[in-house]
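K.L.:
My questions will all concern the structure given below.
The values are calculated or read from the model by the stated rules, or taken from the named source; none is laboratory data. Quantities reported herein were computed from a predicted structural model and do not represent experimental measurements. Glycine gets a Cβ as well: all are built from the backbone with ideal geometry, and neighbour counts include every protein chain shown.
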Amino acid sequence: MHILPKIYHRLYQTFGPQNWWPGDSPFEVIVGAVLTQNTSWSNVEKAIENLKNHKALSAHILHEMPAEKLADLIRPAGYFNIKAARLKYFMDFLMNSYSGNIEKMKKNDMKSLREQLLQINGIGPETADSILLYALEKPAFVIDAYTKRVLSEHGIMDYDKSYDEFQELFLSQLKRDVKMFNEYHALFVKVGKSYCKRRKPLCDECPLNDIRTKHNG
C-alpha cells in the first residue's frame, strides 16, 4: 500500500470530515481563495462579511466596483490593495470568458481551466487548484505549506521540492476523486495546525507519529 492513502485514512479516522471549504456559493469560495493568500481564514471571513453586508458578492457588482472601494471592503484580509487588484483581474476574466457565470465555467475541462487561471495576474498554482477543487469541483490536489511540512517532517518528500513535484506524488498514489481530495487537503491543514507546527511541533502526540521516518529538527 502506498504511504499517502495510509496517511489519509489515519487522519480521517482521527479528525473526521472537515467540511471545507466554507462558503455559501462557488463564487464566494473563489473570492475566499484569493483573499486567503498570506492571511488567516478569520480575517477572510470578516472581509467576505463586509462584501455581503454591502450586497457586493457577485461577479457583476465586483467587476463594476472601483478598485478603491473594493480595497476598503476587503481591508480585514490584509494586503487589501493588492488583493483588490487580483479580484478585479479575476472578475475581468470571468466576465470576458464566461459572462460572469460560474456554472458555465464549470463545464470546461480541468486542464483548460487551470491554464486559464494561471494566466490571471496574482493567481498561482495553490490558488488556482483551490478554485478548481473547491469551487469548480475538479480533481486538482491543492499543495500548501501544511502539506509540504507534514510530508517533509515524515521523510516522504523534501520541503524544497517544487509545487508540481508534490502534486505529482499525490496524483501518482491516489485516485482522482474530488471529495477525497477535498477532505485530504483539509485534513493536512488540521494536522498541521494541531500537531505539525512550524515552532514546537507536538510529534509525540501526532496521529502520524509512527509513520514518521525522520525529523528535521
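K.L.:
Inspect all residues belonging to the range 159-166 and state whether any of them is of a type in the set (S, T, N, Q), more than 25 Å from Thr39 (Cα to Cα) and either modelled with pLDDT of 95 or more or more than 12 Å from the chain's Cα centre (by Cα) (or both).
P.N.:
Within the range 159-166, not a single residue is of a type in the set (S, T, N, Q), more than 25 Å from Thr39 (Cα to Cα) and either modelled with pLDDT of 95 or more or more than 12 Å from the chain's Cα centre (by Cα) (or both).
K.L.:
Within the range 165-194, count every residue that is of a type in the set (Val, Ile, Thr) and surrounded by fewer than 18 Cβ atoms within 10 Å (Cβ to Cβ).
P.N.:
Counting residues in the range 165-194 that are of a type in the set (Val, Ile, Thr) and surrounded by fewer than 18 Cβ atoms within 10 Å (Cβ to Cβ) gives 1.
K.L.:
Could you check the range 1-57 for helices (runs of 4 or more DSSP H) lying wholly inside it with 2 or more residues that are of a type outside the set (D, E, K, R) and within 30 Å of Leu94 (Cβ to Cβ)?
P.N.:
The helices (runs of 4 or more DSSP H) meeting that bar are 26-35, 41-53.
K.L.:
Could you check the range 161-182 and list, in sequence order, the residues that are in contact (Cβ under 8 Å) with a residue 24 or more places away in the chain, part of a helix (DSSP H, G or I) and either farther than 12 Å from Pro5 by Cα or touching an Asp or Glu at 6+ places or on another chain (Cβ under 7 Å) (or both)?
P.N.:
Tyr163, Asp164, Gln167, Val178, Asn182
K.L.:
Would you call Arg114 surrounded by 14 or more Cβ atoms within 10 Å (Cβ to Cβ) and farther than 24 Å from His185 by Cα?
P.N.:
No; evaluated as a whole, the condition is false for this residue.
K.L.:
Moving on to the next point. Considering only residues that are more than 24 Å from Leu169 (Cβ to Cβ) and of a type in the set (Gly, Ala, Ser), which ones fall in the range 113-134?
P.N.:
Gly122
K.L.:
Quick one: in the range 1-32, of everything that is under 26 Å from Ala77 (Cα atoms) and polar (S, T, N, Q), which residue is modelled with the lowest pLDDT?
P.N.:
Asn19
K.L.:
Now for a separate question. Could you identify the single residue in Ser112, Ser97 that is under 28 Å from Glu165 (Cα atoms), part of a helix (DSSP H, G or I), hydroxyl-bearing (Ser, Thr, Tyr) and free of Cβ contacts under 8 Å to residues at least 60 places away in the same chain?
P.N.:
Exactly one residue qualifies, and that residue is Ser112.
K.L.:
Right, another one. Given (1) free of Cβ contacts under 8 Å to residues at least 60 places away in the same chain; (2) more than 15 Å from the chain's Cα centre (by Cα), identify the lone condition not met by Thr14.
P.N.:
Thr14 satisfies all of (1) free of Cβ contacts under 8 Å to residues at least 60 places away in the same chain; (2) more than 15 Å from the chain's Cα centre (by Cα) except (1).
K.L.:
Is there a residue in the range 83-100 that is in contact with a Lys or Arg (Cβ under 8 Å, 6 or more places away or on another chain) and more than 23 Å from Leu118 (Cα to Cα)?
P.N.:
No.
K.L.:
Got a number for residues in the range 117-152 being in contact with a Cys (Cβ under 6 Å, 6 or more places away or on another chain) and buried (at least 22 other Cβ atoms within 10 Å of the Cβ)?
P.N.:
Looking only at that region, the number is 1.
K.L.:
Does Lys83 satisfy the criteria of being within 19 Å of the chain's Cα centre (by Cα), in contact (Cβ under 8 Å) with a residue 40 or more places away in the chain, in the same structural domain as Val34 (by TED's automatic domain parsing) and crowded, with 21+ Cβ neighbours inside 10 Å?
P.N.:
The answer is yes for Lys83.
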